[in-house]
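Peer 1: One structure, as structure tokens, below. Some questions next.
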Amino acid sequence: MKTVQEIVDSRLVLRSLCAALALMGMAAMAYRVHQVAIGDIPFDYWLPVSLLGALYAACLFGHVALKGRLPSFMARAGGSAGD
């Protein structure tokens, strides 16, 4: 059985990791857009698709980092969003 302090510590670590992943995702997207803007790499049609997917993932990780649970639209029926 976990103690209360272990549960708090694991939640803090999870939120910190999610925040780091969200920040790294946003930085990677900005770097990729910057490379396309200055002409280092050519524009391809998968760039907007990959950026939308990365933005969605960064938003999910950011939400978990800030709120400590998944968004409510991802919750199971009859359960809370953090279950």
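The values are calculated or read from the model by the stated rules, or taken from the named source; none is laboratory data. All values reported here derive from a predicted model rather than from experimental measurement. Every residue, glycine among them, receives a Cβ derived from its backbone with ideal geometry; neighbour counts consider all protein chains shown. The protein model used for the area step is the full one, side chains on, heavy atoms only, and it has no ligands, DNA or RNA in it. Shrake-Rupley method; radii C 1.70, N 1.55, O 1.52, S 1.80 Å.
Peer 1: Once neighbouring chains are kept in place and the probe is 1.4 Å, which whole percent of the accessible area of the stretch 1-77 is contributed by carbon and sulfur?
Peer 2: Carbon with sulfur: 71 percent of the solvent-accessible area.
Peer 1: Hey, another quick one. Please work out the average accessible area per residue across the chain, using the 1.4 Å probe convention, and give it in Å².
Peer 2: Computed with neighbouring chains in place, this is 78 Å² per residue.
Peer 1: Just to be sure I follow the definition: excluding the sites themselves, where is the longest run in the chain that has none of the chymotrypsin sites (Phe, Trp or Tyr not before Pro) in a DSSP loop with at most 16 other Cβ atoms within 10 Å?
Peer 2: 1-42
Peer 1: One-quarter of the Cα convex hull surface for the stretch 1-77, in nm²?
Peer 2: 7.1 nm²
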